[in-house]
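Step one of this worksheet: look at the structure below.
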Amino acid sequence: MNSPSLRAPPDPLPEPPPPPPPFEEPRRRRHRVDWPRRLSLASVVVLVAFEFTVRGTDAPWREAVAAVLAGAVVATFGGELLRDTWAFRLRLWRHRWPELLFALPTVFSLGAGGPRGAATLLSLRLLARELIDLVAWRPARPFLQALLRRPLPLLCLSFLLTIALGSLALMFPAATRDGQGAPFLVALFTATSASCVTGLSVVDTGSYFSSFGHWVILGLIQVGGLGLMTLTTTLALAFRSQLSARTRGAMQEILEEETVQGFQGLLYSMSLITVTLEALGALALYPSLELAPDGRVLTTSERAFSALFHSVSAFCNAGFGLYPDSFVRFAGHPGVNLTVMALITLGGVGFPVVTSLLDWELWRERGPRRGWLFLPVHTRVVLLTSAALAAGGALAWLVLEWNHSLAGLPWGERLWASFFQSVSLRTAGFNSVDLAKLGTPMLLLSLVLMFIGGSPGGTAGGVKTTTVAVLAFTFRALLHNRSEVDIMGRSVPPATVYRACAVALISFGLLFVLAFLLFAAEPHLPFRDVLFEAVSAFGTVGVTTGVTPQLSSVGRLVVCALMFVGRLGPFTLALAVGLSKARASYSYPSTKIVVG
């Protein structure tokens, strides 16, 4: 007999899979329509169309209809906010903090001057949000990706787009007080001057443009001061939109930051510093701006807007004002002088410098004396150079202009005017004295100050204070027969020295060519006035001896080119038009050339 098998029984066969269910066409997901947002967009479009077309007529019902439409814009925004409040409840601030930040000035404007100002703010908010969605629009991605491969041309195009949109807005009937709209050249010149934060104008800004035109100019100044790319990227991050790798790389190259965290931190710092300082400046100017240019008492909303306009213009170093004589009427006013000079200085030294000065841990740990030594060399160079230029310019103005533009003023006003003009002359373009009385010696010194301008990373133009500092230390190294340039115990890389020389040479060459064209276009104007106008436009300063309204059509276009080149920076413009940044992998045999 055979023994029974000890092997385990075989595994049962697997059951066949169940038959597939019969094919059913998948149901399409119903896309939920964001009705509050669509109503907001529709109300803004209707309000803008009404303002552009009907506002310039003499119909007695236009103000009532405009107020009703503006109220509709505010109401739709309130509906969106209520919808978000119900959706997020206690997490509202975390998910919708940009909306809440817009709500604060909206409530203030609504209580101060009615729904018109509040509707303007909400229209800007809606425009920013739609711009972000346009950037993320799939059909536009190939074009944007191609631009993002070359960030510097993208920067140039962003300024050109800002100028074009600003010119179009200023040509609408609602932008001028006569209801006719600005002519093309006037609109183009004003939009270029505002976007390039210069301040030159062929018309009186306060009396020629309406309140809507003033809002457009204010928006152009803000966009021009920070840059359209910077504002768009900041808003995209604020609304928690995802940035592509090319976008991050482009912004890192534009802002000259090495890491993603560095450029995002700089963007947040720039936005926070800008909003805070402009708000503080507006609060400081509000008590002093109680009278209109014609002497009447301003209403609360008009006074608030005037303070905000001049605060933004001063911080962005734009030089635009709502008074026909700029700040001549405030020549001896300590509050206005100190506030405007502080805003100009903080905007002109650059955001990296302001950010490093706000490092509270450094000052707490090191103290004021040692903390200064631990500041970045760039910050110390900018502060020392700016202080030297401001003090030297004030002393020169006081001595050289004693019997010219300062003649007839009391002692106190002469001191205030000297310091104010020294600070404003390099970057901002405000004036507290009549520059038509400027003497020739101070005019020549003013050309040098305007050519130098402000500092990198800020809202000022010119070749920048750091460029002049590097050239000065290079000259010192040459005198001491040193092979390397050192500043404050640190060696300056040769690439930085080459760049400083390139910036100075390219700037002088572009200024010479464009000034030559301006001289050819304006042969009937005095030589000193045309030269002063050209350097002022190139340095984005905005001061003038009074010849700006006398410029011909060709002359205005040349000045527009000067302002555009000066705002972008000559080195940036040279790289944007195609100069290669790649380092050569070869070298030639050395030779000797006798110079000097």
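The values are calculated or read from the model by the stated rules, or taken from the named source; none is laboratory data. Quick caveat: nothing in here was measured; it's all calculated off a predicted structure. Methodologically, a virtual Cβ is constructed for each residue, glycine included, from the backbone with ideal geometry; neighbour enumeration extends over all protein chains shown.
Values computed for the structure shown
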{"item": "Residue satisfying all of: in the stretch 203-226; out of contact with any Leu (no Cβ under 7 Å at 6 or more places or on another chain), among the β-branched types (V, I, T) and in a helix (DSSP H, G or I); nearest to T540 (Cα to Cα) among these", "result": "I221"}
{"item": "Filter pass, T233 being out of contact with any Cys (no Cβ under 6 Å at 6 or more places or on another chain), at pLDDT below 85 and farther than 23 Å from Y208 by Cβ", "result": "yes"}
{"item": "Residues located in the stretch 537-552, provided they are touching a helix residue (DSSP H, G or I) at 6+ places or on another chain (Cβ under 6 Å) and outside any loop (DSSP other than H, G, I, E, B)", "result": "A537, F538"}
{"item": "Filter pass, P456 being within 30 Å of the chain's Cα centre (by Cα), surrounded by fewer than 22 Cβ atoms within 10 Å (Cβ to Cβ) and touching a residue at least 60 places away in the same chain (Cβ under 8 Å)", "result": "yes"}
{"item": "Only listed residue being out of contact with any His (no Cβ under 6 Å at 6 or more places or on another chain), outside any helix (DSSP H, G or I) and surrounded by 18 or more Cβ atoms within 10 Å (Cβ to Cβ), chosen from L514, L510, L525, L518", "result": "L525"}
{"item": "Tabulated pairs, the stretch 516-530, first farther than 14 Å from S552 by Cα, second buried (at least 16 other Cβ atoms within 10 Å of the Cβ), C-beta under 7 angstrom, 6+ apart or interchain", "result": "R528/L443; D529/T545; D529/V547"}
{"item": "G489 vs. criteria at pLDDT below 85 and within 15 Å of H378 (Cβ to Cβ)", "result": "yes"}
{"item": "Meets criteria (surrounded by 18 or more Cβ atoms within 10 Å (Cβ to Cβ), outside the structural domain of N317 (by TED's automatic domain parsing), in contact with a strand residue (DSSP E or B) (Cβ under 8 Å, 6 or more places away or on another chain) and among the aliphatic types (A, V, I, L, M)) for V492", "result": "yes"}
{"item": "Count of residues meeting criterion [without any contact (Cβ under 8 Å) to a residue 60 or more places away in the chain and within 17 Å of S207 (Cα to Cα)] in the stretch 291-314", "result": "11"}
{"item": "Single unsatisfied condition, L384 versus (1) within 23 Å of the chain's Cα centre (by Cα); (2) at pLDDT 90 or above; (3) assigned by TED's automatic domain parsing to the domain that holds V463", "result": "(1)"}
{"item": "Criterion (modelled with pLDDT of 90 or more and out of contact with any Asp or Glu (no Cβ under 9 Å at 6 or more places or on another chain)) met by exactly one of G429, G461, G392, G367", "result": "G392"}
{"item": "Failed item in (1) closer than 18 Å to T466 by Cβ; (2) assigned by TED's automatic domain parsing to the domain that holds P456; (3) at pLDDT 85 or above; (4) surrounded by 22 or more Cβ atoms within 10 Å (Cβ to Cβ), with G347 passing the rest", "result": "(2)"}
{"item": "Positions within the stretch 391-414 being surrounded by 13 or more Cβ atoms within 10 Å (Cβ to Cβ) and free of Cβ contacts under 8 Å to residues at least 40 places away in the same chain, in sequence order", "result": "G392, A394, L395, L398, W402, H404, S405, L406, R414"}
{"item": "Yes/no for V492 being in contact with a Phe, Trp or Tyr (Cβ under 6 Å, 6 or more places away or on another chain) and free of Cβ contacts under 8 Å to residues at least 40 places away in the same chain", "result": "no"}
{"item": "Where a residue in the stretch 360-386 is under 21 Å from V470 (Cβ atoms) and its partner, wherever it lies, is surrounded by 14 or more Cβ atoms within 10 Å (Cβ to Cβ) and of a type in the set (F, W, Y), with Cβ under 8 Å and at least six apart", "result": "R380/W372"}
{"item": "Checklist (1) over 28 Å from A472 (Cβ atoms); (2) in contact (Cβ under 8 Å) with a residue 60 or more places away in the chain; (3) under 31 Å from the mean Cα position of the chain (by Cα) applied to T355, failing item", "result": "(1)"}
